[in-house]
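The values are calculated or read from the model by the stated rules, or taken from the named source; none is laboratory data. Bear in mind the structure is a predicted one, so any value in this text is a computation, not a measurement. Positions of Cβ are backbone-derived with ideal geometry, glycine not excepted, and every protein chain shown enters the neighbour counts.
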Amino acid sequence: MKGRWIVKATKMLALMIAGSLAIGFLVMLLWNALIPELFKGPTLTFWQSVGLLVLSHILLRGWGHRGAGWRRDRWKHRFDEKLATMTPEEREKFREEWRRRCGWMSQEPDAKASS
């Protein structure tokens with residue numbers, strides 16, 4: 001039983017490494033086919049393309065914290081509870097304040113001219 005788990009983990013690790021290498025190779029091919037021709041940019045080596053993938057993952061997705069979705073759901077639930085306890089007038093006042101702060105409110109033509 002324990003031996004099966006080790007074999008499965010090893011296969012999964014090998015599959016992940018092979019997939020990462022394949023994606024790195026694909027990024028290198030696409031980059032070298034497009035960027036130098038279109039933008040007169042540099043060509044990439046395989047390891048530079050892998051590094052670019054890692055960097056883009058860090059910048060765009062973060063480190064992959066598993067609890068991020070749970071925290072967002074918890075915040076949304078608490079916010080919905082707070083809105084539910086407000087009267088309709090308080091809710092409208094709250095919305096107007098956020099529209100004013102965030103710039104969602106459409107400005108009148110006279111207000112644009114005076115700005």
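General remarks:
- Residue within the stretch 59-74 that is assigned by TED's automatic domain parsing to the domain that holds Met16, assigned to a helix (DSSP H, G or I) and modelled with pLDDT of 85 or more present: yes
- Of the residues in the stretch 42-52, not one is modelled with pLDDT under 90 and closer than 25 Å to Ser20 by Cβ.
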